[in-house]
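Enquirer: Let me give you the structure first, and then I'll get to my questions.
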Amino acid sequence: MVRFGKFLKGFYVALMGIFLYAPILTLIVLSFNASKSRAKWSGFTFKWYAALFENEAILQSLWNTIIIALVSSLVATLIGTMASIAMNRMKKLPRQVMMGITNIPMLNADIVTGISLMLLFIMTDFAPGFTSVLLAHITFNIPYVILSVLPKLKQTDRNVFEAAQDLGATPISAFMKVVLPDIFPGILSGFLLAFTMSLDDFVITHFTKGAGVDTISTKVYTELRKGIKPEMYALSTLMFAAVLILLVLINRRRATHEQTVNH
Amino acid sequence: MSDKLIDLINISKSYDGQVVLDEMDLYIRDNEFLTLLGPSGCGKTTTLRIIGGFETPDTGKVIFQGKDITNLPPNQRDLNTVFQKYALFTHMTVEENIAFGLRIKKKSRQYIKDKIDYALKLVNLDGYGKRSVDSLSGGQQQRIAIARAIVNEPKLLLLDEPLGALDLKLRQDMQYELIRLKNELGITFIYVTHDQEEALTMSDTIVVMNQGYIQQIGSPEAIYNEPKNAFVADFIGESNIIDGIMIEDKLVRILGAKFPCVDTGFGTNRPVDVVIRPEDVELVAPEAGTIAGTVTSLIFKGVHYEMDVMANGYEWLVHSTKMFPVGEAVGIHVDPFNIQIMNKPESEDEEAVTIDE
Ligand SMILES: Nc1ncnc2c1ncn2[C@@H]1O[C@H](COP(=O)(O)OP(=O)(O)OP(=O)(O)O)[C@@H](O)[C@H]1O
Ligand SMILES: [Mg+2]
């Protein structure tokens, strides 16, 4: 009986794994397939990866992706951290209201956020392009930062900030010297999370980008609509790997951090 | 001992319309150990925070060495605070914590090093400089918080229930060490506690507070032996607080019996509160006492026996080294000198009203 239960458990986990990872695995395998065929394996190759790095348009989109992810997550980290500090000082009710408002872009379906941003840009005659995508990414990244920073701020004893001032530090230097080091792990997690979300985004980018501007995900989408392009499998594989590595990094940070907190 | 180091004049503070401090006047002399004592929420921390510069009073002034510092930010005040929860900088070592204030004041490396060594010796934590703050016990962290404050050589040290988180033994050790520190350094201490025993052992002056009002200011002896009202009497130690009528000078009626006392000036036939400490109640033979009653409970407390005696409808708390078993008929005698007469508050509200010095 116990054995059967164990088997069932294993079977279930395996099934979950297959459902979750089979598509990605297929993608990865195909990205190394020598022929363009999606049906048959004709040998291992790196040529699609090589082709990828010779394609100007793809390199441009890769560049866009990285710049947008980096700049948007940096700006979002700055705004989100400042917002967290302000929210931490608020009374309970206003804070909860603020929290609700900032969470909307995160909880909303991407398509709703994407379309609303698109409409906003059209309404305000804001030419869609690189800047509009950047603004959109900053918008949806801010809540992730707040979500990581605010709990750290709440943990930080208010007296620590006051103790620094008591010992002669100005409010700004007190913040820099004792509060910032305390909440820095949260800020870093927030930044990494925002960066990942930005890398990962397709829908919102799709609705807010102009004609000439592409990130990797929108590039893959347009290319695949034109026909079979194994380079795109390679590109998707790379993106998957990048996001996976980032997420593992974030989780490891969280885990080691929780350890130091609960030591 | 006569200079006023700090003078609080007419300080009021409310939060969201709720009055926390009401027109408080208080001064602290140079080199005094002054304790703010009172129940939770009575405004002790708020008073300290106003002195420290973390809150601005709604009305009134804070005068420090003759200068109005009411609006001076905390970092420009020549005083330091030891916070209730230590508030150590956890990402720094013990040394870095202690050096924090000195580095801001741009002291020389050698000066800082000497100060750290000196402070660590002073709090009996020699050799702990390189340790991380997290690796210390509560009592050690507490001592680091004190060391961090005193290396700055403040004129005034504010301590907010600094021993609150420690166990009894450690508390007593630290009480002793704090007094030693104070005598060694000659710093003025304002100390907050809600532990009356701690206040009685450590202070030169005790300020008893309730609901934002000062109830009584005085030496530990004065506060204990001559509480000004029922609140102070009740808060400081255990007491029998009984309704009485002041028949005339030096004679009070309690529970239907006439007790001679030493107080005068209350008028005739005035209702008063009568305070009698449990150790001042003498149990004698039934016919020898002023009133007679029966022992209803008996607990051995080590130094003395604690007994309840029901007499004329009031349960008297009695501490005595002599033991009277439960059920025994006894007489109650109180030395006139040990009967403390207090004016009754006019109404419930006035129970909290200031009694002018
Ligand atoms: N920032 C604040 N906002 C609102 N109310 C406050 C604030 N700080 C203090 N209070 C209120 O003021 C009153 C006095 O608080 P305070 O901290 O001075 O009490 P305390 O005597 O130090 O009590 P305890 O012994 O519990 O530390 C309490 O009722 C408290 O709820
Ligand atoms: Mg307090």
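Enquirer: Going through the range B:294-323 one residue at a time, which ones are touching a Leu at 6+ places or on another chain (Cβ under 9 Å), open to solvent by 80 Å² or more (accessible area, probe 1.4 Å) and closer than 16 Å to residue B:237 by Cα?
Expert: None; the set is empty.
Enquirer: A further question on this structure: Considering each residue of the range B:53-108, count those that are facing another protein chain (nearest Cβ under 9 Å), open to solvent by less than 30 Å² (accessible area, probe 1.4 Å) and in a loop (DSSP other than H, G, I, E, B), and give that number.
Expert: 8
Enquirer: List every residue pair whose Cβ atoms lie under 8 Å apart, where the two residues are 6 or more positions apart in sequence or sit on different chains, the first residue falls within the range A:16-37 and is open to solvent by 50 Å² or more (accessible area, probe 1.4 Å), and the second residue, located anywhere, is modelled with pLDDT of 85 or more and among the basic types (Lys, Arg).
Expert: From residues that are open to solvent by 50 Å² or more (accessible area, probe 1.4 Å), there are no pairs.
Enquirer: In the range B:42-84, what residues are without any contact (Cβ under 8 Å) to a residue 40 or more places away in the chain, within 16 Å of ligand 2 (Cβ to nearest atom) and at positive phi?
Expert: The answer is none; no residue qualifies.
Enquirer: Please go through the range A:83-106 and give me each residue that is surrounded by 13 or more Cβ atoms within 10 Å (Cβ to Cβ) and of a type outside the set (Val, Ile, Thr), ordered by number.
Expert: Across the range A:83-106, the qualifying residues are A:83, A:84, A:87, A:88, A:90, A:95, A:98, A:99, A:103, A:105, A:106.
Enquirer: Do the conditions hold for residue B:110, that is, is it away from ligand 2 (no atom under 16 Å from the Cβ), polar (S, T, N, Q) and touching a residue at least 60 places away in the same chain (Cβ under 8 Å)? Walk me through how you get there before you give the answer.
Expert: Details: away from ligand 2 (no atom under 16 Å from the Cβ): yes; polar (S, T, N, Q): yes; touching a residue at least 60 places away in the same chain (Cβ under 8 Å): no.
No.
Enquirer: Residue by residue through the range B:115-140, note down the ones that are within 12 Å of another protein chain (Cβ to nearest Cβ) and touching an Asp or Glu at 6+ places or on another chain (Cβ under 8 Å).
Expert: Keep residues of the range B:115-140 that are within 12 Å of another protein chain (Cβ to nearest Cβ), which gives B:132-135.
Once the filter is applied, which keeps residues that are within 12 Å of another protein chain (Cβ to nearest Cβ) and touching an Asp or Glu at 6+ places or on another chain (Cβ under 8 Å), the range B:115-140 yields nothing.
Enquirer: Then there's this: Go through (1) open to solvent by less than 30 Å² (accessible area, probe 1.4 Å); (2) within 19 Å of residue B:115 (Cα to Cα) one by one and return the number of the condition residue B:130 breaks.
Expert: Result: residue B:130 fails condition (1) only.
Enquirer: What do you reckon, is residue A:109 over 30 Å from residue A:145 (Cα atoms), exposed (fewer than 13 other Cβ atoms within 10 Å of the Cβ) and among the small types (Gly, Ala, Ser)? Write out each step before concluding.
Expert: On the way: over 30 Å from residue A:145 (Cα atoms): no; exposed (fewer than 13 other Cβ atoms within 10 Å of the Cβ): yes; among the small types (Gly, Ala, Ser): yes.
No.
Enquirer: Still on this structure: If a residue has to be within 16 Å of ligand 2 (Cβ to nearest atom) and either at pLDDT 95 or above or open to solvent by 50 Å² or more (accessible area, probe 1.4 Å) (or both) to count, how many in the range B:14-33 make the cut?
Expert: In the first step, residues of the range B:14-33 are kept if they are within 16 Å of ligand 2 (Cβ to nearest atom); the result is B:15, B:18, B:20-21, B:24.
Now restrict to residues that are either at pLDDT 95 or above or open to solvent by 50 Å² or more (accessible area, probe 1.4 Å) (or both): B:15, B:18.
Looking only at that region, the number is 2.
Enquirer: Do you know which residues across the range B:26-66 are among the β-branched types (Val, Ile, Thr) and either away from ligand 1 (no atom under 15 Å from the Cβ) or outside the structural domain of residue B:158 (by TED's automatic domain parsing) (or both)?
Expert: So in the range B:26-66, the residues among the β-branched types (Val, Ile, Thr) come out as B:28, B:35, B:45-47, B:50-51, B:56, B:59, B:62-63.
Within the range B:26-66, B:28, B:59, B:62, B:63 qualify.
Enquirer: Which one of these does residue A:135 not meet: (1) within 14 Å of chain B (Cβ to nearest Cβ); (2) within 14 Å of residue A:76 (Cα to Cα)?
Expert: For residue A:135, the exception is condition (1).
Enquirer: Could you identify the single residue in B:213, B:191, B:176 that is hydroxyl-bearing (Ser, Thr, Tyr), away from chain A (no Cβ under 14 Å) and within 16 Å of ligand 2 (Cβ to nearest atom)? Break it down into steps so the answer makes sense when it comes.
Expert: Working: B:213 fails: within 16 Å of ligand 2 (Cβ to nearest atom); B:176 fails: within 16 Å of ligand 2 (Cβ to nearest atom).
Only one candidate passes the filter, namely B:191.
Enquirer: Still on this structure, I have one more. State whether one or more residues within the range A:43-63 are farther than 17 Å from residue A:236 by Cβ, open to solvent by less than 50 Å² (accessible area, probe 1.4 Å) and over 23 Å from the mean Cα position of the chain (by Cα).
Expert: Taking every residue of the range A:43-63 in turn, at least one turns out to be farther than 17 Å from residue A:236 by Cβ, open to solvent by less than 50 Å² (accessible area, probe 1.4 Å) and over 23 Å from the mean Cα position of the chain (by Cα).
Enquirer: Testing residue B:143 on (1) crowded, with 20+ Cβ neighbours inside 10 Å; (2) of a type outside the set (Gly, Ala, Ser); (3) under 29 Å from the mean Cα position of the chain (by Cα); (4) within 14 Å of another protein chain (Cβ to nearest Cβ), one condition comes back false. Which one is that?
Expert: (4)
Enquirer: Sticking with this structure for a sec: Looking at B:136, B:122, can you tell me which residue is at pLDDT below 95 and crowded, with 19+ Cβ neighbours inside 10 Å?
Expert: Details: B:136 fails: crowded, with 19+ Cβ neighbours inside 10 Å.
Being at pLDDT below 95 and crowded, with 19+ Cβ neighbours inside 10 Å holds for just one of B:136, B:122, which is B:122.
Enquirer: Between B:277, B:253, which is modelled with pLDDT of 90 or more, charged (D, E, K, R) and open to solvent by less than 70 Å² (accessible area, probe 1.4 Å)? Write out each step before concluding.
Expert: Working: B:253 fails: open to solvent by less than 70 Å² (accessible area, probe 1.4 Å).
So the residue among B:277, B:253 that is modelled with pLDDT of 90 or more, charged (D, E, K, R) and open to solvent by less than 70 Å² (accessible area, probe 1.4 Å) is B:277.
Enquirer: Now for a separate question. If only one of A:40, A:36 is in a loop (DSSP other than H, G, I, E, B), within 18 Å of residue A:230 (Cα to Cα) and out of contact with any helix residue (DSSP H, G or I) (no Cβ under 9 Å at 6 or more places or on another chain), which one is it? Spell out how you get there, then give the answer.
Expert: Working: A:36 fails: out of contact with any helix residue (DSSP H, G or I) (no Cβ under 9 Å at 6 or more places or on another chain).
Among A:40, A:36, only A:40 is in a loop (DSSP other than H, G, I, E, B), within 18 Å of residue A:230 (Cα to Cα) and out of contact with any helix residue (DSSP H, G or I) (no Cβ under 9 Å at 6 or more places or on another chain).
Enquirer: Here's a follow-up. Of the residues that make up the range B:278-287, is at least one part of a strand (DSSP E or B), more than 16 Å from ligand 2 (Cβ to nearest atom) and either not assigned by TED's automatic domain parsing to the domain that holds residue B:325 or not β-branched (Val, Ile, Thr) (or both)? I'd like the intermediate steps shown before the answer.
Expert: Pass one, the range B:278-287, residues part of a strand (DSSP E or B): B:281-284.
Okay, now just the ones that are also more than 16 Å from ligand 2 (Cβ to nearest atom), so B:281-284.
After this cut, where a residue has to be either not assigned by TED's automatic domain parsing to the domain that holds residue B:325 or not β-branched (Val, Ile, Thr) (or both) as well, the list is B:282-283.
So far as the range B:278-287 goes, yes, one or more of its residues are part of a strand (DSSP E or B), more than 16 Å from ligand 2 (Cβ to nearest atom) and either not assigned by TED's automatic domain parsing to the domain that holds residue B:325 or not β-branched (Val, Ile, Thr) (or both).
The values are calculated or read from the model by the stated rules, or taken from the named source; none is laboratory data. These figures come from a predicted structure and were not determined experimentally. So basically every Cβ, Gly included, is an ideal-geometry build from the backbone, and we count neighbours across all protein chains shown. Please note that ligands, DNA and RNA were not included when accessible areas were found on the heavy atoms of the full protein model with its side chains. Shrake-Rupley method; radii C 1.70, N 1.55, O 1.52, S 1.80 Å.
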